[in-house]
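The values are calculated or read from the model by the stated rules, or taken from the named source; none is laboratory data. This structure is a prediction, so every number in the text was calculated from the model and none was measured. Counting neighbours? That spans all protein chains shown, and the Cβs are built from the backbone with ideal geometry, glycine included. With ligands, DNA and RNA removed, areas are computed over all heavy atoms of the protein, side chains included. Shrake-Rupley method; radii C 1.70, N 1.55, O 1.52, S 1.80 Å.
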Amino acid sequence: MLIKASLLDDGGAARAAFRDWSRADDLFFVDNGLNLFLMLLYERLKHWGETYRDHDRLRGVVRHAWVMHQRFRRDIREIGSTLSSAGIDIMLLKGAALNVNAYPDANRLMSDVDIAVPRSQLSQAIKALTSTGWRANFHNLDLLPMATHACQFYRGDSQIDLHWEFFHGRPLDPSIMADIWQSARTIALDGIHYRLLSPECSLIHTCEHGLRYNPTPPMRWLADAFFQIRYGGALDWHVLQALAARLGLSQHVGLTLEYLAGKLQQPEAIAALQSVPRWDSTMSSRAELALEVRRTPGCHPFWRELPSHIPSYLRVRRRFRGLRLADYIRAVNNFEGPLAPTLHRLTRLQLRAVQEGIKARYRKLARWWRGDRTTSELSLFQETGWVGWFPPEDVSDGFLRWSEPHASFLAPVSPQHGVLALKVQEVRPLDAGFLERFRVRLNRTLIPGNSIRVDGTTIIVPLPLAARVDREEQRIELVCDPWFAPGDPRPLGIAVLSVTLRCDQP
């Protein structure tokens, strides 16, 4: 409903979708991947003269985005100056390019700055960035250009993705890469010249990146494709079809057009499907897309991404014959040191996770046998709805999952559930100083600190009925001061061993 309210051309249908969404949902429960649509909705509400029941929060989201845009504009200017001074060609990608070329109000949300440079200038670009304080977020910089498409760099709170390829696990032949750079457009921004992908290649790039599975639903790609088709430059659909077939990405484009035409009734997408009705792909391409768009079971990102990495490695191996599988795995997963001990640890973690899942089902059955039908134990291996959590770690007495200093999760809190029990590993002392600064919110309602208590190594938090909203899942926020373990650079919150909803009275 939020997507339809933000993008439908039919004003009446868009308003009806907005009203349905506003009655049924709350800004607090909007996934991060949908925040872009809040920006678009805000502009529409102003045009319609309508107000939202949580207008102040919506306006706060827009103001925060505006501040972030100014920071990203500064970063683009500084990065552009650094690289152009070194004689390096710079291409803007994703949000940085779309705000310039596709979104009429330049309100496409960004979490980082994406740029591309030619492979021939990659070493030069990395040297220029590191000389100005940027640091790579990957350990195996020597292997990355063969194994993957980009590398993340950071400096303070700023972050850039430096690309030398345009698609995941698809190193392009030099002839195709040359054609893409040759067909790119040139723009000037703050006195610096940048390149932009051709309209056809830009849309294919959006479709390929958007359809891949992501724990945070990347639904913004629908808006990206919508605005690119409408405002991103004249599209030759036959040229686009030929290029997509050449890249093995025809199905990505076809599925996107079908969604825009069928669900959002975009006239341009309907016309495109009438002009080019068939977006056929090979059986291997369809199988690979099926691996990319679905979440594969696993307790660690390595296991969840492994199936899609297999065809990517086979394709990369055809281009870089000297790349060993072990080096590829180390590079794309950012593993440091010898691979064998890491794989042993991850295999052990996966087996322990399976074992823990069986134990959790046994505990649930035992509670049911005792007549306890309300206690609910949440899995530490959840992805969806869990924001600000590090991956689970294997410890001697089971698993723990570190939170960040500000973390949240969705919990199926029923009217019978009276308390939340967080069993923690007391790596971080649960002393009076910690509790004084520890905050818990239930659906934005702060739970009084004096009602939170510690029973051994379990933090007991009451869940007042007054703070609950009319939906199946409630969002619980945990906030504490950052803590740093010896030898660990991560800012940590609490080390959670289990999360249980109980019917105890607080």
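Select from the range 360-393 the residues that are of a type in the set (Phe, Trp, Tyr) and buried (at least 16 other Cβ atoms within 10 Å of the Cβ) and write down the one among them that is modelled with the lowest pLDDT. Give the derivation first.
Restricting attention to the range 360-393, the residues satisfying the condition of being of a type in the set (Phe, Trp, Tyr) are 362, 368-369, 381, 386, 389-390.
Those still in the list that are buried (at least 16 other Cβ atoms within 10 Å of the Cβ) too: 381, 386, 389.
Numbers: 381: 81, 386: 86, 389: 91.
Here the answer is 381.
Within the set of pairs 6 or more residues apart or between chains, which connect a residue that is free of Cβ contacts under 8 Å to residues at least 40 places away in the same chain and closer than 15 Å to residue 111 by Cβ inside the range 61-88 to a residue that is in a helix (DSSP H, G or I) and among the hydrophobic types (A, V, I, L, M, F, W, C) with Cβ atoms less than 9 Å apart?
From residues that are free of Cβ contacts under 8 Å to residues at least 40 places away in the same chain and closer than 15 Å to residue 111 by Cβ, the pairs are 61/27; 61/38; 61/39.
Going through the range 319-359 one residue at a time, which ones are open to solvent by 80 Å² or more (accessible area, probe 1.4 Å), in contact with a Lys or Arg (Cβ under 9 Å, 6 or more places away or on another chain) and not in a loop (DSSP other than H, G, I, E, B)?
Matches in the range 319-359: 325 only.
Can we say residue 313 is open to solvent by 60 Å² or more (accessible area, probe 1.4 Å), part of a helix (DSSP H, G or I) and of a type in the set (Ser, Thr, Tyr)? It would help to see each step written out before you state the result.
Values: open to solvent by 60 Å² or more (accessible area, probe 1.4 Å): no; part of a helix (DSSP H, G or I): yes; of a type in the set (Ser, Thr, Tyr): yes.
Criteria not met by residue 313.
For the range 399-451, which residues satisfy the criterion of being touching a strand residue (DSSP E or B) at 6+ places or on another chain (Cβ under 6 Å) and at positive phi?
Hit for the range 399-451 is 443, nothing else.
With the structure loaded, tell me whether residue 430 is closer than 25 Å to residue 451 by Cα, in contact with a Leu (Cβ under 9 Å, 6 or more places away or on another chain) and of a type in the set (A, V, I, L, M) or whether it fails that test. Show your work before the answer.
Details: closer than 25 Å to residue 451 by Cα: yes; in contact with a Leu (Cβ under 9 Å, 6 or more places away or on another chain): no; of a type in the set (A, V, I, L, M): yes.
Here the answer is no, as residue 430 does not meet what is asked.
Just wondering, is there one or more residues in the range 415-430 that are under 30 Å from residue 57 (Cα atoms), modelled with pLDDT under 90 and open to solvent by 30 Å² or more (accessible area, probe 1.4 Å)?
Checked the range 415-430: at least one residue is under 30 Å from residue 57 (Cα atoms), modelled with pLDDT under 90 and open to solvent by 30 Å² or more (accessible area, probe 1.4 Å).
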